[in-house]
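J.: Let me begin by handing over the structure; questions about it come next.
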Amino acid sequence: MSDTSPAPPAAATQVDAVIIGAGPAGLFQIFELGLLGISAHIIDSLGQAGGQCTELYPDKPIYDIPALPICGAQELVDRLLEQAKPFKATFHLGQEVTEVRPLEDGKILVATSTGTRLNAGAVVIAGGVGSFQPRRLGLPGIEEFEGRSVHYRVKSAADFHGLDLVICGGGDSALDWTVALCGKARSLTLLHRRAEFRAAPATVARMRELVSAGKMQFLEGSAVAIAKDHERLAGLDLRTADGRDVSVSADQVLAFYGLHPKLGPIAEWGMELEKKALKVDTEKFQTSVPGIFAIGDINTYPGKKKLILSAFHEAALTAFAIQHHLFPEKRQFLQYTTTSPIMQKRLGVTVAESH
Ligand SMILES: Cc1cc2nc3c(=O)[nH]c(=O)nc-3n(C[C@H](O)[C@H](O)[C@H](O)COP(=O)(O)OP(=O)(O)OC[C@H]3O[C@@H](n4cnc5c(N)ncnc54)[C@H](O)[C@@H]3O)c2cc1C
């Protein structure tokens, strides 16, 4: 008789700390844990590290990172990866964490969609807005063109140079890309359902100047259908706000209708939530479950601001809290990277002796 019972799950690997989410918060958490001698496994459902910075605005400059007056969003991620390198974290990318479960021995089981199972001393949830999905252009047959001629983000601006382009939306992303690509695309049409925009007023004013100068057109209305030329996208059929049916040629369409964040499995792991965020204290950034911490956009506490800067501070304090959680007997003291030989050894740097 054949055995039809499911195969038992693979044995879990014992690890110090697991970080869920490889956005800026999770990446800096590797570094802060590493300085204290704690190694980490880091998991992200996306195929690459970087979170919102890489996924949503890689080419945009960020101006409020301390000591970096201007830093591209992807550049920031690259720098964080470089900084974390000495600590040799294990990356599990393209895997969604589906289960986080405290065990009787105080450890926490972390399991992913692809079967990775980790038995962690501590877990840091750095899941941002959860697994976020762009709002799609809801037109019949759109699936055929998504990723090919219809996009919800710009990976490389140069891909749109010399082409007929339609940009849909009325927020910052739509307006920023309209201004950036006007003059580079062969033709550019901005489509928005009304004449008011949610974008920065200066960018809206610049767009209106470009329209007045005849460099692009703005249409107030909505897309109603895709125009096809065999397998190729030929353009969009639109209904304007004043009731006209218009066809616009397009090789490529960019639609920026915002994201709809899906907290996903994080909401089911039994931690206290407030407005879809994990409640934490501000000493340890621990959730309502001991040993499970939360940093970055996913957490909430009085005065919380969803800034990268805040996530960095939270990661530093969480690392100390995890050190205490894992090694309660160990005396904690603050060391400076400038002067601590043990931290410098962990960082793999040799510092010339001063005389
Ligand atoms: C257009 C734009 C401009 C911005 N500009 C600035 C700025 O100038 N300055 C600033 O400070 N902030 C800015 N922000 C905000 C900043 O990007 C966020 O505060 C920051 O990305 C939060 O980092 P995080 O690591 O907490 O989360 P995220 O960057 O959201 O990363 C979270 C990661 O967790 C992963 N994840 C979630 N759930 C799971 C799961 N179950 N399993 C596996 N992986 C999971 C996600 O895939 C994601 O990669 C901007 C945001 C946007 C959208």
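The values are calculated or read from the model by the stated rules, or taken from the named source; none is laboratory data. Just so it is clear, the structure is predicted and the values come from calculations on it, not from any experiment. Here the Cβ is made from the backbone with ideal geometry for all residues, glycine too, and neighbour counts use every protein chain on show. Protein only, heavy atoms only, side chains kept; ligands, DNA and RNA dropped before computing areas. Shrake-Rupley method; radii C 1.70, N 1.55, O 1.52, S 1.80 Å.
J.: Would it be correct to say that GLY243 is within 15 Å of the ligand (Cβ to nearest atom), on the phi > 0 side of the Ramachandran plot, more than 19 Å from the chain's Cα centre (by Cα) and not in a strand (DSSP E or B)?
T.: Criteria not met by GLY243.
J.: Give me the pairs: first residue in the stretch 67-85 and open to solvent by less than 60 Å² (accessible area, probe 1.4 Å), second residue in a strand (DSSP E or B) and of a type in the set (A, V, I, L, M, F, W, C), beta-carbon distance under 7 Å, and six or more apart or on different chains, which are they?
T.: So the pair list comes out as CYS71/ILE62; CYS71/ILE65; ALA73/ILE62; LEU76/ILE62; LEU76/ILE65.
J.: Can you say whether ARG117 is open to solvent by 10 Å² or more (accessible area, probe 1.4 Å) and at pLDDT below 95, as far as the supplied structure shows?
T.: no
J.: Looking at (1) part of a strand (DSSP E or B); (2) open to solvent by 60 Å² or more (accessible area, probe 1.4 Å); (3) of a type in the set (D, E, K, R), which is the one condition that is false for ASP237?
T.: (2)
J.: Would you point out the residue of the stretch 173-201, among those that are within 16 Å of the ligand (Cβ to nearest atom) and not in a loop (DSSP other than H, G, I, E, B), that is farthest from ALA223 (Cα to Cα)?
T.: ALA180
J.: What number of residues within the stretch 209-268 are touching a helix residue (DSSP H, G or I) at 6+ places or on another chain (Cβ under 9 Å) and hydroxyl-bearing (Ser, Thr, Tyr)?
T.: Going through the stretch 209-268 one residue at a time, the tally reaches 1.
J.: Would it be correct to say that ARG331 is part of a loop (DSSP other than H, G, I, E, B), of a type in the set (Lys, Arg) and open to solvent by 20 Å² or more (accessible area, probe 1.4 Å)?
T.: Here the answer is yes, as ARG331 does meet what is asked.
J.: While we're on this one: If I go through the stretch 295-347 residue by residue, how many of them are within 18 Å of ALA40 (Cα to Cα), away from the ligand (no atom under 16 Å from the Cβ), under 29 Å from the mean Cα position of the chain (by Cα) and in contact (Cβ under 8 Å) with a residue 60 or more places away in the chain?
T.: Final tally of qualifying residues: 7.
J.: Keeping to the stretch 254-295, report how many residues are outside any strand (DSSP E or B) and in contact with a Phe, Trp or Tyr (Cβ under 9 Å, 6 or more places away or on another chain).
T.: So the answer is 10.
J.: Of the numbered conditions (1) under 19 Å from the mean Cα position of the chain (by Cα); (2) open to solvent by 40 Å² or more (accessible area, probe 1.4 Å), ALA126 fails exactly one; give the number of that condition.
T.: For ALA126, the failing item is (2).
J.: Considering only residues of the stretch 151-162 that are open to solvent by less than 50 Å² (accessible area, probe 1.4 Å) and farther than 12 Å from PHE256 by Cβ, which is nearest to the ligand (Cβ to nearest atom)?
T.: So, considering only residues that are open to solvent by less than 50 Å² (accessible area, probe 1.4 Å) and farther than 12 Å from PHE256 by Cβ, the one nearest to the ligand (Cβ to nearest atom) is ALA157.
J.: When the residues of the stretch 87-119 are filtered to those that are touching a Ser or Thr at 6+ places or on another chain (Cβ under 9 Å) and of a type in the set (A, V, I, L, M, F, W, C), which remaining residue is nearest to the ligand (Cβ to nearest atom)?
T.: Within the stretch 87-119, the match that is nearest to the ligand (Cβ to nearest atom) is VAL97.
J.: If you go through the stretch 202-234, how many residues are open to solvent by 40 Å² or more (accessible area, probe 1.4 Å), out of contact with any strand residue (DSSP E or B) (no Cβ under 6 Å at 6 or more places or on another chain), part of a helix (DSSP H, G or I) and not polar (S, T, N, Q)?
T.: Result for the stretch 202-234: 5.
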